[in-house]
Amino acid sequence: MKPEIAIIEPNTLTALGLRTILEEMLPAAIVRVFASFGALTDDTPDMYAHYFVTSQLFFEHSAFFRERQRKTIVLTTGETPLLNGLPTLNVLLPQDALVKSILDLQRRGHERSHPAAASAAAQDNYRELSPREQEVLVLVVKGLINKEIAEKLNISLTTVITHRKNITEKLGIKAVSGLAIYAVMHGYIEAGSI
């Protein structure tokens, strides 16, 4: 049985270009393109081995993709790091760099599906957020500044800054957009409330 891959991308050129690259790299795979999430759900959405989806569609339908997190690759137009199991692919890369990124994603996917093969150092880098750090994360993602967070949680400004520093160190994510993706992926916040 051939593995099937779904590309959910409204931009025709991006979708067809990615499809061509994937078909060249994985000749045994069947690659299908969907211009919308609705088109995917009209098909058989659970039959795919992987979903390549735009970040906008990912956020709009986060409940669907969160359940299929191990199979989902978010298409971006800039540098976004791997966020605790959520791989991304920058579609603006030149073809050779895009192919290399896809191969890296494939390698990382193998490591995730075989945890014993993953490096111990990578596993040690991730630490759970404390309940207070989770609260701060949600408020940061909602767009509050440090002073507003301090007032809302009735803590000092210095404490807020310390929590934000700890969040950044634990997750390895500095950008608020990256924190938003992490928060949605881990169920701390619904995409619609951002």
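Just reorder Tyr188, Tyr51 by solvent-accessible area, largest first, 1.4 Å probe, all chains present. Display every interim value, and only then the final one.
On the way: Tyr188 60, Tyr51 0 Å².
Listed by decreasing accessible area, they come as Tyr188, Tyr51.
Can you list residues whose amide H is under 5 Å from Leu89's amide H, if they're 5+ apart or on another chain and H is modeled 1.01 Å from N?
Hits under the 5 Å cutoff: Val74, Leu75, Thr76.
Just in the range 141-194: which trypsin sites (Lys or Arg not before Pro) are loop by DSSP and have at most 13 other Cβ atoms within 10 Å?
Filter output for the range 141-194: Lys174.
Which GluC sites (Glu not before Pro) does the range 146-190 hold that lie in a coil by DSSP with at most 13 other beta carbons within 10 Å?
Here the sparse-neighbourhood loop sites are Glu190.
Can you list the lysines whose alpha carbon is less than 24 Å from that of Lys142, not counting same-chain residues fewer than 8 positions off?
Lys152, Lys165, Lys170, Lys174
So who's got an amide H within less than 5 Å of the one on Val31, skipping anything under 5 residues away but keeping other chains? H placed 1.01 Å off N, in plane.
The list, which skips near neighbours in sequence, is Ile5.
Heavy-atom accessible area of Arg132 with all protein chains present, probe 1.4 Å, nearest 10 Å²?
80
Around Arg19, under 13 Å between beta carbons, what's the net of Lys plus Arg minus Asp minus Glu among the other residues?
Its environment carries a net charge of -3.
The values are calculated or read from the model by the stated rules, or taken from the named source; none is laboratory data. Since this is a predicted model, take the numbers as computed values, not measurements. Cβ coordinates were reconstructed from backbone atoms using ideal geometry, including for glycine residues, and neighbour counts include every protein chain displayed. Remember, those area values only see protein heavy atoms, side chains included, never the ligands or the DNA or RNA. Shrake-Rupley method; radii C 1.70, N 1.55, O 1.52, S 1.80 Å.
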